[in-house]
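Q: Sharing a structure, written as structure tokens. Questions coming.
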Amino acid sequence: MAEQQIRFNDGAAYERMMGVWSRLAGEVFLDWLAPPSGLRWIDIGCGNGAFTELLVERCAPVEVQGIDPSEAQLAFARTRPAARVAEFHNGSAMELPFADGSFDAAVMALVIFFVPDPSKGVAEMARVVRPGGTIAAYAWDILGGGFPLEPIRIEMQAMGVEIAQPPSPGASRMEALRELWRTAGLEGIETREITVRRSFEGFEDFWTTSRLSSSMGPAIAAMAASDVEQLKARVRARLPAEAAGRLTCSARANAVKGRMPK
């Protein structure tokens, strides 16, 4: 079977599914970073601008540059209120189109496992940040069961359904993040777990939203109708409803931060 790839071609769909999760984790992440206002930021792998919006809303930056390889995601990002401050560019995390020391802070939000060579991506972050500046990231603990759609992944795997994987899932493990930051020569390295919870109106809301996932949606769409119904029933049994039929799910991310040497 041909290897599946995760593609992000719909900014609005991403917003409904992963954008909400990203902001939930991003709020905790920014509280932890506690950055001063007036910084120059680069948001690497900005996608549809979900985290960029948080930066603009909460951190009063003087500049934000967003970089992402998906034009569809960037088109959505440019419609956000954040675009009054942020600029969005097509580009690669492993070859940032900015001069050395251009920024006060560089961040990857739910991105590092998509970078084919994470060490090169972190080296590029370090290159474009000034001495004393901040380098930080957070990523779902995919290998540790922290992905928001873990209940669906477990049941799809049990049914033998192939699911697309990012190129570097191991980069999201806490020890891997710490080592990437250490190898890049960063100082004052700290890590932490971020656990967030999201409520849905009911199972149908969860299921419909989850099918918008760029990793699992295409695989589910390729399944026979009878297999989809079986998968749906298995996932429903794994996620019992709460009072009034509501459903609450949790996800866990690993976060890291460090400083460029002065």
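Q: Net charge around ARG58, counting only other residues with Cβ within less than 12 Å of its Cβ (Lys, Arg = +1; Asp, Glu = -1)?
A: -3
Q: Net charge around THR134, counting only other residues with Cβ within less than 12 Å of its Cβ (Lys, Arg = +1; Asp, Glu = -1)?
A: +1
Q: Let me ask something additional. Less than 12 Å apart at the alpha-carbon level, and either on another chain or at least 8 residues along: which aspartates and glutamates does that give for LYS232?
A: Filter leaves GLU155, GLU204.
Q: At q = 0.15 Å⁻¹, work out log10 I(q)/I(0) for segment 185-262 with the Debye formula, treating every Cα as an identical point scatterer and leaving solvent out; two decimals please.
A: One equal scatterer on each Cα of segment 185-262 leads to -0.68.
Q: When only C-alpha pairs under 8 Å and at least 6 residues apart count, what is the relative contact order of segment 187-247, in percent?
A: Once divided by the residue count of segment 187-247, the mean separation gives 50 percent.
Q: Using unit Cβ charges (K, R positive; D, E negative) and no other charged atoms, how large, in debye to the nearest 20, is the dipole of the chain about its Cα centre? Numbers along the way, then the final one.
A: Details: 28 positive and 32 negative charges, 84 e Å.
Dipole magnitude for the chain comes out near 400 debye.
Q: Then there's this: Filter the GluC sites (Glu not before Pro) in segment 107-169 to those in DSSP coil with at most 16 other Cβ atoms within 10 Å of their Cβ, and list the result.
A: Of the GluC sites (Glu not before Pro), the ones in loops of segment 107-169 whose Cβ has at most 16 other Cβ atoms within 10 Å are GLU162.
Q: For the chain, what are the DSSP H helices with axial Cα length of 18 Å or more and mean Kyte-Doolittle hydropathy of at least -0.5?
A: Once both thresholds are applied, what remains is 20-33.
Q: So, one more: At what distance in nm do the modelled label points of TRP32 and ARG238 sit from each other, each positioned 7 Å from its Cα along Cα→Cβ?
A: Each label point lies 7 Å from its Cα, and together they span 2.5 nm.
Q: Something else about it: Rounded to the nearest 500 deg cm²/dmol, what is the calculated helix-only ellipticity per residue at 222 nm for the chain, with -39500 (n - 2.57) per DSSP H run of length n ≥ 4?
A: Computed mean residue ellipticity for the chain: -10000 deg cm²/dmol.
Q: Using every alpha carbon pair in the chain, what percent of pairs falls into each 5 Å bin from 0 up to the bin containing the largest distance?
A: 1, 6, 13, 17, 19, 17, 11, 7, 5, 2, 1, 0, 0
Q: Run down the lysines and flag those whose C-alpha is under 17 Å from the C-alpha of LYS120, throwing out any fewer than 8 positions away in its chain.
A: Correct list for LYS120: LYS257.
Q: Taking 41 Å as R0, compute the FRET efficiency from the Cβ-Cβ separation of GLU229 and GLU63 and round it to 0.05.
A: Values: r = 50 Å, r/R0 = 1.22.
Result of the calculation: an efficiency of 0.25.
Q: Sum up the charges of everything whose Cβ sits under 15 Å from the Cβ of ILE67, counting Lys and Arg as +1 and Asp and Glu as -1, but leave ILE67 out. Display every interim value, and only then the final one.
A: On the way: positive: ARG40, ARG78, LYS120, ARG127; negative: ASP43, GLU63, ASP68, GLU71, GLU87, GLU95, GLU124.
With Lys, Arg at +1 and Asp, Glu at -1, the net is -3.
Every number here is computed from the coordinates shown, using simple stated rules; none is lab data. This one's a predicted model, so the numbers in the text were calculated from it and none came from an experiment. Cβ coordinates were reconstructed from backbone atoms using ideal geometry, including for glycine residues, and neighbour counts include every protein chain displayed.
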